[in-house]
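The values are calculated or read from the model by the stated rules, or taken from the named source; none is laboratory data. Not measured: the values here are computed from a predicted model. Every residue, glycine among them, receives a Cβ derived from its backbone with ideal geometry; neighbour counts consider all protein chains shown. Just so you know, the surface numbers come from the protein's heavy atoms only, side chains and all, with ligands and any DNA or RNA stripped out. Shrake-Rupley method; radii C 1.70, N 1.55, O 1.52, S 1.80 Å.
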Amino acid sequence: MRLLLSSILAAQTAVASVLPAAQLTARQEASSARLLMSSSGNFFLADFANDKLSLLPKKPITGHASWVAVTKDAANDKTLLYALDENGSNTTIFSLDAKTGDLVKGTGKIGSNGVVHLEFNKDKTRMVGSSYGDGTMDIWKTENGGLELLKTVVSDSALGPNKTRQSSRHPHQAVLDPTGRFFAVNDLGTDSIVVLDSKDDSFAIVNTQLVPEPGCGPRHGSFFPVNSEKASHYMVVCEMTNKVHVFKVSYDSSTIKMQPVQAISTFQDGGNHEHAAAGELVVGPDNKSVYVSNRLDNSDGIAHFRINPGRCGKLLEFVGATATGGTKPRMFSFSSDGKHVFVGNQAGELGAVVLRRREDGTLEEKPVASIKASEFGEPEFGPSFVQQIA
């Protein structure tokens, strides 16, 4: 226990030391942000300033870009958007002028069907696409704003016990570890975390860690601590059982190893909410909190956990939950200053909301700003993706 506590405290100290002074200063200033949001058939830009959220005219696109990988084209002062089509097999690059809102469609390539997540490596020269539909991971070359399919890796673990939801392999998200070498791929269909080694562009499967809860359906996760040189833990939220599983992480010369140390419900009562489906998991920028979105059981909102290294190996402690003014909050993200959480509700009254984050990590109950779901149009109104881009 003492060794575990010491390693976590050391990791948190290391994180604090690498935060730029400019970033710390920015957190003391008033928040102002330009957001990118997407729903089926559209991109949206919105401005958040002075506690107001204003939606700009929509930008029609083809397909459902339920996830977008964002990077910069410094040579042309543009933002590059790598957008998947969840309902098809295309990945497409868009060039966006974040100031004017001008959007230009660029290269589009065919990969696996039903990709639901994209993750860059550290220098944005490679990108992993997780295909829920085909049970594969696409490896893309993205140097100099390009898009070339290098290889497709098949997830090959045994299927989970849920015959309805786990009838095939369903990679849902690839997460880059802090060293920049390994990707952890959460496979909802196999109750496993597949580790890919990107060294020498091999992207070989070097470890498969089962989540110790058959039929849980791992969806999204995060390494902890963020902004560190190495991870001490990995956390993944299971969509089908609404539990967060925590693993202690260790490295050797060829892989990441994971040891399960905790499982905790995303609901305060700790019960089995039959129709619930957890969505996103994000570690707070200060490494003191974890947040998870709950969906589909009339208690939709953001659950908050405190990261508490002193609990004898039990890293997470449930604190509370905050409603989002809508339903089906699929994805959320932090403002660059860490003071606000941007949430996309796919249904319900409010399509997009901004929640203020207090110093202790709790979220204020009343949204700071919001946009009604009806302003996003049909079929599911609110956005499935939201992220600050400027």
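Quick rundown of the values:
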{"item": "Matching residues, segment 99-128, being within 22 Å of the chain's Cα centre (by Cα) and either under 26 Å from F48 (Cβ atoms) or among the aliphatic types (A, V, I, L, M) (or both)", "result": "V115, V116, H117, L118, E119, F120, K124, M127, V128"}
{"item": "Hey, N298 at pLDDT 95 or above and at positive phi or not", "result": "no"}
{"item": "Given (1) among the small types (G, A, S); (2) open to solvent by 20 Å² or more (accessible area, probe 1.4 Å); (3) not in a strand (DSSP E or B), index of the condition G108 fails", "result": "(3)"}
{"item": "Hey, K109 within 27 Å of K339 (Cβ to Cβ), in contact with a strand residue (DSSP E or B) (Cβ under 8 Å, 6 or more places away or on another chain) and modelled with pLDDT of 95 or more or not", "result": "no"}
{"item": "Exclusive hit being outside any loop (DSSP other than H, G, I, E, B) and open to solvent by less than 30 Å² (accessible area, probe 1.4 Å), set A75, A83", "result": "A83"}
{"item": "Any hit, segment 281-292, residues being without any contact (Cβ under 8 Å) to a residue 60 or more places away in the chain, buried (at least 22 other Cβ atoms within 10 Å of the Cβ), in contact with a helix residue (DSSP H, G or I) (Cβ under 8 Å, 6 or more places away or on another chain) and not charged (D, E, K, R)", "result": "no"}
{"item": "Evaluation of D286 against (1) within 30 Å of G180 (Cβ to Cβ); (2) in a strand (DSSP E or B) (one fails), failing number", "result": "(2)"}
{"item": "Hits in segment 291-325 - residues which are in a strand (DSSP E or B) and over 16 Å from C238 (Cβ atoms)", "result": "G301, I302, H304, R306, I307, E317, V319, G320, A321, T322, A323"}
{"item": "Single residue of segment 18-63 satisfying the filter (surrounded by 19 or more Cβ atoms within 10 Å (Cβ to Cβ) and hydroxyl-bearing (S, T, Y)) that is modelled with the highest pLDDT", "result": "S38"}
{"item": "Identity of the residue in segment 362-377, more than 23 Å from the chain's Cα centre (by Cα) and touching a residue at least 60 places away in the same chain (Cβ under 8 Å), that ends up least open to solvent (accessible area, probe 1.4 Å)", "result": "G377"}
{"item": "Residues of segment 256-273 satisfying the condition of being surrounded by 23 or more Cβ atoms within 10 Å (Cβ to Cβ) and not in a strand (DSSP E or B)", "result": "T266"}
{"item": "Looking only at segment 298-334, and only at residues there that are under 21 Å from the mean Cα position of the chain (by Cα) and charged (D, E, K, R), the one that is surrounded by the fewest Cβ atoms within 10 Å (Cβ to Cβ)", "result": "E317"}
{"item": "Where K105 falls short, out of the listed (1) farther than 23 Å from D201 by Cβ; (2) touching a Lys or Arg at 6+ places or on another chain (Cβ under 9 Å)", "result": "(2)"}
{"item": "Among the candidates A263, A231, A303, A278, residue that is in contact with a Phe, Trp or Tyr (Cβ under 6 Å, 6 or more places away or on another chain) and modelled with pLDDT of 95 or more", "result": "A231"}
{"item": "Residue in segment 89-96 that is at pLDDT 95 or above, of a type in the set (A, V, I, L, M, F, W, C) and assigned to a loop (DSSP other than H, G, I, E, B) present", "result": "no"}
{"item": "Qualifying strands (runs of 3 or more DSSP E) (wholly inside segment 136-255; at least 2 residues being surrounded by 17 or more Cβ atoms within 10 Å (Cβ to Cβ) and of a type outside the set (D, E))", "result": "136-141, 171-176, 182-187, 192-197, 204-210, 218-224, 233-238, 243-251"}
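Every residue, every condition in (1) within 26 Å of M331 (Cα to Cα); (2) among the charged types (D, E, K, R); (3) over 18 Å from the mean Cα position of the chain (by Cα), yes or no:
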position: S130; (1), (2), (3): yes, no, no
position: K151; (1), (2), (3): no, yes, yes
position: S157; (1), (2), (3): no, no, yes
position: N162; (1), (2), (3): yes, no, yes
position: Q173; (1), (2), (3): yes, no, no
position: F183; (1), (2), (3): yes, no, no
position: D200; (1), (2), (3): no, yes, yes
position: V206; (1), (2), (3): no, no, yes
position: P218; (1), (2), (3): yes, no, no
